[in-house]
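Heads up: the structure comes next, in structure tokens.
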Amino acid sequence: MHKILVTGGAGYIGSHTVVELINSGFEPIIVDNYSNSNPLVIQNLEKLCNRSITHYEADCNDEKVLSEIFNEHNISGVIHFAAYKAVGESVSEPLKYYENNIGSLITLLKVMNRFDVSTIVFSSSCTVYGQPDQLPVSENAVIRPANSPYGYTKQVSETILQDCVHANPKFRTVLLRYFNPIGAHPSSLIGELPIGIPNNLVPFITQTGAGWRNELTIFGDDYNTSDGTCIRDYIHVIDLAKAHVKAFEWLEKNTDSIGVFNIGTGNGSSVLQTIQAFEKVSGIKLAYKIGNRREGDVEQIWASNDKAVNELNWKAIYSLEDAMDHAWKWQLKLGEKQP
Ligand code: UDP
């Protein structure tokens, strides 16, 4: 059985990917420092998968501990999720982001080299495109100057991985450019667990629906879109998780050294449409108001996912309403009172 090291495996996308890896016969080894996640996630994962899951509380910047883990297990590949992801925070604390997101990737790659592990799937983001000229955006669109230190860490990380491929003929990587992951596992055992006030739209919607927040502010309704609000490609986190399994299958079958894939549904939804989907599945009228535009927001973006569909043999199954339904059930499971 292939052992896959999953850094950030207790996080939102990481935990759902661990489930899909197990469902497909891989053996995940989780490394997480719980800086933005909770050790209880491991318990819930074990309940969901009905088995124990190997996990380590460790920081990917810690070369010594990582080496010990690689020494203990015959690891055949890595998925690197562990990174900070708050755009606004990255603007006020850039060094924190550069040190953690880039530093940990470099440390991980050094250890992989030492132990002769040569495949890695990397969590990248559609943020690398900025506001694309053409929609849907495809993988060969221009990479625009990043809007934030967070976005820049994704661009630099992609470049570092490409440089490693050029330097080492054995080294191979898949860069998955995620669009907007939402939703939760239908079991409601795992889901998104933002600490404090959420930055992202869907947890803010569900927390407002649950009464944790008084009202949602829509950041601008004067954009050049059909209803004036921004458009994103919201993808169910399980569909996104499954793309990681497909990435390893692609690496096994293909000889290419680099695969770059957009992972989105191929459909754009506006903020208002997303709210409407929530209202439909929950039966709740959401309290919201229109506010100012948020600095740095891209007006509209959605994916061309043709490459992932054709080459990875992957497809998004869930609809926006499915994802909102699962996000809402997860929110209800968290309870009425904010922890
Ligand atoms: N958004 C909003 N109110 C919020 C949070 C987000 O109107 O409280 C909007 C935001 O302006 C963007 C969309 O929802 O148009 C998605 O934002 P999110 O932060 O979830 O994703 P990203 O902007 O990183 O794609």
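How high is the FRET efficiency from ASN38 to LEU135, r the C-beta distance, R0 45 Å, rounded to 0.05?
Calculated value: 0.75.
Identify all lysines with a Cα-Cα distance to LYS3 below 16 Å; exclude those on the same chain that are fewer than 8 residues away in sequence.
Within the straight-line limit of under 16 Å, LYS3 reaches these lysines: LYS246.
Return the lysines within reach of LYS333: Cα separation strictly under 21 angstrom, same-chain partners fewer than 8 residues apart disregarded; answer none if there are no such residues.
List returned: LYS47, LYS280, LYS285.
Between region 93-158 and region 164-199, how many Å separate their Cα centres?
A separation of 12 Å, based on Cα centres.
Just the number, please: carbon plus sulfur as a percent of the accessible area of region 192-243, 1.4 Å probe, no ligands or DNA/RNA counted.
The nonpolar share, carbon plus sulfur, comes to 45 percent.
Measure nothing fancy, just the Cα-based angle from helix 103-114's long axis to the longest principal axis of the chain, in degrees from 0 to 90, nearest 10.
In the chain, helix 103-114 runs at an angle near 30 degrees to the longest axis.
So if I place +1 on the C-beta of Lys and Arg and -1 on the C-beta of Asp and Glu, and nothing else carries charge, what would the dipole magnitude of region 284-339 be about its Cα centre? I want it in debye, nearest 20. Could you put the intermediate results ahead of the total?
Values: 9 positive and 9 negative charges, 66 e Å.
In debye, rounded to 20, region 284-339 gives about 320.
Could you give the size of the charge dipole of region 141-211 about its Cα centre, using +1 on the Cβ of each K and R and -1 on the Cβ of each D and E, expressed in debye and rounded to the nearest 20? Working shown, then result.
Numbers: 5 positive and 3 negative charges, 43 e Å.
In total the dipole reaches around 200 debye.
Between SER319 and ILE106, 0.36 nm times their residue separation minus their Cα-Cα distance comes to what?
73.0 nm
Can you give me the accessible area per residue for region 221-339, using a 1.4 Å probe, in Å²?
Details: 5820 Å² over 119 residues.
Result: 49 Å² of accessible area for each residue.
Hey, got the dipole for the chain? About the Cα centre, +1 on K and R Cβ, -1 on D and E Cβ, debye to the nearest 20?
300 debye
Normalised by the empirical 2.2 N^0.38 Å for globular proteins, what value does the Cα Rg of the chain take?
0.95
How large is the Kirkwood hydrodynamic radius of region 277-339, in angstrom, based on all distinct alpha carbon pairs?
Working: mean 1/r = 0.0652 Å⁻¹.
For region 277-339, inverting the mean 1/r across all distinct Cα pairs yields 15.3 Å.
Along the charge dipole of region 109-219, Cβ charges K/R +1 and D/E -1, which of THR127, GLY151, GLN162 sits furthest on the positive end?
Highest projection toward the positive end goes to GLN162.
For n ≥ 4 DSSP H runs only, could you compute -39500 (n - 2.57) per run for the chain, divide by its residues and tell me the 222 nm figure to the nearest 500?
It lands at -11500 deg cm²/dmol.
Average projected area of the Cα convex hull of region 204-339, in nm²?
Its average projected convex-hull area is 10.0 nm².
Which three lengths, in whole Å and largest first, does region 19-144 cover when its Cα atoms are put on their principal axes?
47, 31, 30
The values are calculated or read from the model by the stated rules, or taken from the named source; none is laboratory data. What you see is a predicted model; the values in this text were computed from it and never measured. As a convention, Cβ positions derive from the backbone with ideal geometry for all residues, glycine included, and neighbour counts pool all protein chains shown. SASA here: full protein model, heavy atoms, side chains in, ligands and nucleic acids out. Shrake-Rupley method; radii C 1.70, N 1.55, O 1.52, S 1.80 Å.
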